[in-house]
Amino acid sequence: MGTVERSVPSSAVGSSPVVDLAELRAGDLPRAGGKAANLGELIAAGLPVPGGFCITTDAYAQAAAGVDTGDPARARAAIGAAPVPDDVAAAIIDAYRTLGDGPVAVRSSATAEDLPTASFAGQQDTYLNVVGADALLDAVRRCWASLWTDRAAAYRAELGIDDAEVRLAVVVQQMVDAHVAGVLFTADPVSGRRTRSVLDASPGLGEAVVSGMVNPDHLAVENGRVVDRRLGDKAVAIRALAGGGTERVGLRTTDTTDPTGAAACVTDAQAVALADLGRRVEAHFGSPQDIEWALDGDGAIWLTQARPITTLYPVPPSRDGALRAFACASLAQGLTRPITPMGLAAFGVIGGTAARLFGLPDAQTADPLGPPPAFSSVGGRAFVDVTAVLRNPVGRAAATRMLGIMEARTAVVVGGLVDDPAFALVAGGRRRALRRIVPALVRFRVPLVMMQAIASPAAARRRVDALGARAAGITGSSPDASAAARLDRATQVLATALTVFPRSAPAFAAGFLMRAVARRLAGTDLDDVTMDAVLRSLPHNVTTEMDLQLWALAQQVRSDPASAAALGPSPGGVQPTDLAALATGFHAGTLPTVLQEGLAAFLRRYGHRAVAEIDLGMPRWREQPEHVLGALANYLRLDDPAAAPDVRFAAGEQVARQAVVEVVDRVRRRSPWRARVVGFALGRVRELVGLREAPKDHLVRLIALARTELAAVGTDLAARGLLGDADDVFFLDLREVRTALDGADLRPVVATRREEYARELRRRHVPRVLLSDGTEPEALAPASVPDDGALVGTPASAGTVTAPARVVLDPVGAHLEPGEVLVAPSTDPGWTPLFLTAGALVMEMGGPNSHGAVVAREYGIPAVVGVPGATTRITTGTRLTVDGAAGRVHFA
């Protein structure tokens with residue numbers, strides 16, 4: 001095919017529809033598309049790229065003028081049939097002749113393609129070994145039409161990209177006489193490890209590898225050497241035909257068991273050279289890259305494409321340059337969605353308070369407005385550096401046990417790190433841990449308060465209630481307070497918010513202590529299923545009390561024709577638009593009296609709560625009651641008296657009392673004194689464990705107060721023209737708000753943050769644990785799939801239910817038919833109104849004592865938590881059998 005040139009003289013000046021690739025840079029994206037702009041950058045960096053030119057988006061706009069793009073199929077047909085405009089065709093042919101009139105590759109280059117946030121890999125068409133002017137023009141026209149394939153239109157819709165804003169350029173490059181070609185990732189796309197490059201290679205053109213039609217050689221390179229080699233059979237190759245086009249050729253299978261790699265289509269030296277070249281590309285663009293490459297007959301490397309790897313999770317920073325481990329605190333709190341910047345700032349302030357309480361290193365001198373050193377915001381989620389915890393025997397044991405309760409799979413992942421030398425135990429760790437923990441326990445009299453709670457649960461509940469009343473009694477600024485004073489007040493509330501936790505937590509901790517005592521003394525007479533029964537319908541749980549209050553309101557609404565009519569029911573349930581109208585009516589005071597007054601009373605008590613309520617940036621129910629109204633509408637569809645939540649809750653109490661009696665009777669046969677202690681301990685379990693939700697309720701109340709103060713600050717800044725909208729204040733942090741009050745215009749910052757937030761909302765996978773080299777340890781664990789195809793998680797609430805699934809990613813406005821299996825990424829108290837009508841619960845996150853698991857047990861709903869990929873592997877309408885005791889979900 002002749003010698004491949006790195007560049008050709010430009011065939012165009014000014015507004016010509018054709019531009020030399022060598023002239024393009026990142027700023028030319030609107031005119032050249034992502035692929036062409038990236039190739040121009042590579043050429044400018046002196047990297048080996050075949051010469052070529054770009055047919056700009058102006059040419060596409062001229063060709064597509066007058067085409068109705070409202071219907072993708074019609075747009076595709078119209079553009080594919082339209083002739084290339086004469087002036088565009090002349091410029092293309094002129095550039096093609098300048099390039100040498102030889103075989104070329106013709107590739108689409110969309111303006112929404114090969115971007116840091118969206119690769120659009122394979123969404124538009126590519127044509128290889130195109131020979132001749134007529135064939136070239138035909139390939140260009142077909143590339144233009146491919147902007148409107150069903151797959152491309154669907155991909156744009158999924159990413160929220162407006163069709164009207166997308167244009168297509170076309171890249172034309174000299175064909176490489178590829179003897180071997182493939183794909184190189186400068187970071188491991190499976191584990192995320194940034195120090196490891198991986199490449200797939202196969203004989204012939206790279207299309208065989210990219211399209212997945214061949215089982216290629218797979219090599220991994222790290223620290224300048226090949227560290228993994230898995231040889232494919234390479235049974236197929238794509239070859240260029242002499243007259244143009246390509247053919248698929250069958251190859252003789254090579255030896256895939258050869259440990260020396262002699263049968264590989266690239267040598268170790270070539271693999272290392274490719275990895276080194278990839279590092280140069282990565283350094284130029286500043287992020288890991290997905291690179292297509294080819295080796296010609298002389299062994300020279302050519303780069304034919306480079307795009308960012310958009311699926312990698314951002315890397316948390318290492319404070320000392322060494323390998324460090326981070327656990328996702330967001331997931332531990334039941335959040336898969338990103339947290340607003342102000343929510344993360346609040347996390348930092350609250351976390352700083354916790355660090356100072358326990359005397360952690362550097363915490364006493366840290367900025368009170370900043371997070372503790374161990375806190376990191378990565379991808380809009382909160383991560384905590386647990387390296388020091390893993391290196392400490394006390395911390396390691398405590399973290400594994402706590403995570404096992406709250407987020408079981410995270411505990412497994414963290415436990416898998418203990419054998420890594422980077423996280424080996426450090427001498428003297430136990431002594432250091434006790435020096436930090438004991439003073440904090442003494443300061444808040446934790447052992448004494450726990451003993452008092454065991455002695456008198458009623459007195460403990462009164463203390464917890466008093467703390468709640470104190471939190472509720474904390475007032476905001478006066479109506480005439482300045483914005484600066486309100487900011488100060490919000491900061492003060494956040495800085496002291498966590499101090500309520502160590503004062504109220506010992507009460508429920510005493511309940512868990514009694515549970516451990518009962519299990520130890522009862523032995524096999526108190527198994528997991530029986531303990532689940534004991535924990536059914538626990539009293540004094542603020543979250544279940546809230547849900548039952550909402551159910552009681554639903555019964556009031558049902559008995560009032562006007563209120564019931566306002567909420568439906570309609571065949572498909574109340575729609576989100578209806579909920580918004582109802583919320584507007586509530587704020588205006590125009591809803592039917594029973595609904596208006598009942599909802600107002602409910603929100604006076606629980607209006608500080610919300611979905612994703614630990615995020616200060618999320619609206620509270622009293623601001624946006626749509627979710628509460630939607631839950632009420634769901635309850636009105638429940639017409640089976642036996643399935644009523646209050647009836648089920650009362651039945652659960654009876655089950656629990658009977659379970660305690662049976663356990664005590666079994667233990668009495670062996671030891672009467674043990675039976676008395678077990679009975680006492682289980683009684684205290686039921687009286688105290690329900691208080692576990694109270695500290696968070698108190699904390700959320702204070703977060704809501706800080707939000708109110710900051711919302712007023714946002715209103716002031718918006719009125720002064722320093723923010724576009726009052727809610728923009730939640731896309732700044734506390735320090736930035738101060739600068740805004742001093743006159744800084746932070747609207748550009750807010751715009752960027754909102755784009756990042758919207759992008760992270762679409763992210764479906766968040767690592768439970770992440771290392772500072774980008775490795776996601778869970779991705780390296782071998783997947784185990786049962787022979788029967790069941791999904792396996794952690795048992796959370798016993799019982800078996802077979803029913804259709806309802807996958808819910810956001811509970812606001814969610815439609816859940818009574819008895820359906822609720823399948824969710826995770827849950828927090830804002831989700832629990834859905835539990836009252838659910839038949840069972842399946843969650844991707846969580847452990848046996850995570851929020852969702854506890855509430856499911858209390859309602860007697862079978863539940864399995866920690867099921868990897870549940871929301872993607874299960875679709876709405878699929879019939880499932882949920883076995884809560886076994887922790888398995890079967891496809892019925």
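The values are calculated or read from the model by the stated rules, or taken from the named source; none is laboratory data. Because the structure is a prediction, the values reported are computed rather than measured. Cβ: placed from backbone, ideal geometry, glycine included. Neighbour counts: every protein chain shown. For the accessible areas, the whole protein counts, side chains as well, though only heavy atoms, and no ligand, DNA or RNA atoms are used. Shrake-Rupley method; radii C 1.70, N 1.55, O 1.52, S 1.80 Å.
Couple of notes before you dig in:
- Each Lys or Arg adds one and each Asp or Glu takes one away; over the other residues whose Cβ falls under 11 Å from the Cβ of residue 869, this sums to +1.
- The residue 398 and residue 527 beta-carbon pair, evaluated with R₀ = 22 Å, returns a calculated FRET efficiency of approximately 0.30.
- Applying 0.36 nm per residue to the separation of residue 560 and residue 65 and subtracting their alpha-carbon distance, the gain on full extension is 172.3 nm.
- Percent breakdown of C-alpha pair distances by 5 Å bin, ordered from the shortest bin, for segment 306-435: 2, 10, 17, 21, 23, 16, 7, 3, 1, 0, 0
- Residue list for segment 866-892, given a label point 7 angstrom along the Cα-to-Cβ vector of residue 800 and an amide N cut-off under 18 Å: 879-892
- The value of relative contact order for the chain, using C-alpha pairs under 8 Å at least six residues apart, is 12 percent.
- Stretch gain in nm, segment residue 451-residue 227, where the contour uses 0.36 nm per residue and the Cα spacing is subtracted: 75.0 nm
- Within segment 278-361, the trypsin sites (Lys or Arg not before Pro) that combine a DSSP coil assignment with at most 16 other C-beta atoms in a 10 angstrom radius are 319.
- Overall Cα dimensions of segment 610-735, principal axis frame, Å, largest first: 77, 41, 15
- Over all other residues within a Cβ to Cβ distance under 15 Å of residue 69, the charged ones net out to -2, with Lys and Arg as +1 and Asp and Glu as -1.
- Peptides 858-870, 402-414, 837-849 ranked from most to least packed by the mean count of surrounding Cβ atoms within 10 Å: 837-849, 858-870, 402-414.
- Hypothetical label at residue 420: residues of segment 303-345 whose amide nitrogen lies under 17 Å (7 Å Cα-Cβ projection): 313-329
- Shown here for segment 650-726: trypsin sites (Lys or Arg not before Pro) in loop regions (DSSP other than H, G, I, E, B) with at most 14 other Cβ atoms within 10 Å, namely 669, 670, 720.
- Between residue 458 and residue 23, the simple label model (points 7 Å from Cα in the Cβ direction) yields a spacing of 8.9 nm.
- Dipole axis of the chain (+1 Lys, Arg; -1 Asp, Glu on Cβ), positive-most option in 354, 199, 636: 354
- Rg/Rh for segment 198-258 (Cα atoms only, Rh after Kirkwood) is 1.05.
- Sorting 284, 765 on solvent-accessible area from highest to lowest, probe radius 1.4 Å, gives 765, 284.
- Normalising the Debye intensity of the chain to I(0), with uniform scatterers on Cα atoms only, and taking log10 at q = 0.04, 0.05 Å⁻¹ returns -0.23, -0.35.
- Once the Cβ-Cβ distance of residue 438 and residue 249 is raised to the sixth power relative to R0 = 56 Å, the FRET efficiency obtained is 0.15.
- Couplings 3J(HN,Hα) for segment 558-565, derived from phi with the Karplus relation 6.51 cos²θ - 1.76 cosθ + 1.60 (θ = phi - 60°), are 4, 7, 10, x, 5, 5, 5, 5 Hz, where x marks Gly and Pro.
- With N counted as the residues of segment 700-765, its alpha-carbon radius of gyration over 2.2 N^0.38 Å works out to 1.18.
- Between the C-alpha center of segment 686-708 and that of segment 42-76 there is a gap of 56 Å.
- The modelled label-to-label distance between residue 179 and residue 320, using points 7 Å beyond Cα along the C-beta direction, is 4.9 nm.
- Summed side-chain charge close to residue 400 - residues other than residue 400 whose Cβ falls under 14 Å, Lys, Arg +1, Asp, Glu -1: +3
- Surface/4 of the Cα convex hull for segment 745-798, nm²: 7.4 nm²
- Simple rule: put +1 on each Lys or Arg Cβ and -1 on each Asp or Glu Cβ in segment 785-859, find the dipole, and look at 804, 855, 794; the Cα lying farthest toward the positive end is 855.
- For segment 513-568 versus segment 277-318, the spacing of their alpha-carbon centroids is 54 Å.
- The gain in end-to-end length when the residue 213 to residue 150 segment is fully stretched comes to 20.5 nm, 0.36 nm per residue minus the alpha carbon separation.
- Amide H contacts under 5 Å for residue 378, placed H, 5+ residues apart: 383
- For the pair residue 239 and residue 474, label points projected 7 Å from Cα toward Cβ lie 7.6 nm apart.
- Model label zone, residue 267; criterion: amide N under 20 Å from point 7 Å along Cα-to-beta-carbon; scope segment 184-207: 199-204
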